[in-house]
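Enquirer: Take this structure, written in structure tokens, and hold onto it; I'll ask about it next.
The values are calculated or read from the model by the stated rules, or taken from the named source; none is laboratory data. These figures come from a predicted structure and were not determined experimentally. Cβ sites come from the backbone with ideal geometry, for glycine too, and all protein chains shown count toward neighbours. Areas reflect the complete protein model, heavy atoms only, side chains present, ligands, DNA and RNA absent. Shrake-Rupley method; radii C 1.70, N 1.55, O 1.52, S 1.80 Å.
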Amino acid sequence: IINCVNYGNITSTGNDCVGGIAGSTKNTGKIENCYNYGTIKARGKSGGIAGQANKPVIGCVNYGDVSGTWALGGIVGYTNNSDTITITNCVNYGNITGTSTAIGGIFGLLDGNTSAKGTAKITDCINNGNVKGSWGVGGIAADTIGLVSNCVNNGEITASGEVGGIVGKAYERITECTNNGKVVAAQDMAGGI
């Protein structure tokens, strides 16, 4: 999906996989140079560009607010634990608000743990939106295994706990990132990065 723009608001009363450009691109092609201006309201696994993806998302920009329950991202909401996701040169301006876990300014959740085969690589991305959730909330990524590199967060990040200006819950590497946003934790486990 290349050079596409969505202006429409999207609301789903069903379950998961809702995005401004694509609901799910699992096992299909990349998304490149796409823009979303519409608001996204869904239960979970939802993002400003794609709800679920395991192929590259490159040079995309989201301006729409994303709200729901869990696994929400300004660009991509969710990737399965056996898959790999690459998000590069993307920018989020929308506010990302969830009532549960895995809420991120760019990326929500790689569903797995340190023994899972999947990885996430998030590079050269910027979040400008405010991000709010319960647990596992980050300015760039909420809950991820892999690399977060050369990313910047400018939004305010608020959660009960497991909250970070760059990543809420990280299993691997964070390099050359900058957080400019306020980080607020109602309980514990909070960090600027």
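Enquirer: Sketch the reach of a paramagnetic label on Asn89 as a point 7 Å from Cα along Cα-to-Cβ, and name the residues of segment 16-55 whose backbone nitrogen lies under 17 Å away.
Expert: 30-36
Enquirer: Please report the accessible area of Tyr171 (heavy atoms, 1.4 Å probe, ligands and nucleic acids excluded) in Å², nearest 10.
Expert: Number for this one is 80 Å².
Enquirer: About the Cα centre of segment 9-130, how large is the charge dipole given +1 on each Lys and Arg Cβ and -1 on each Asp and Glu Cβ? Please answer in debye to the nearest 20.
Expert: 180
Enquirer: Any of Lys30/Lys132; Lys30/Lys169; Lys41/Lys121; Lys132/Lys169; Lys55/Lys132 with alpha carbons more than 24 Å apart? Name them for me.
Expert: Violating the 24 Å limit, Cα to Cα: Lys30/Lys132; Lys30/Lys169; Lys41/Lys121; Lys55/Lys132.
Enquirer: While we're on this one: Pop a pseudo-label 7 angstrom from the Cα along the beta-carbon direction at both Tyr7 and Glu172 and give the gap in nm to one decimal.
Expert: About 4.0 nm separates the two model spin labels.
Enquirer: Just one of (i) -0.32, -0.58, -0.68, -1.21; (ii) -0.24, -0.43, -0.51, -1.03; (iii) -0.72, -0.87, -0.92, -1.15 is log10 I(q)/I(0) by the Debye sum over Cα atoms at q = 0.09, 0.12, 0.13, 0.18 Å⁻¹ calculated from these coordinates, so which is it?
Expert: Answer label, from the structure shown: (ii).
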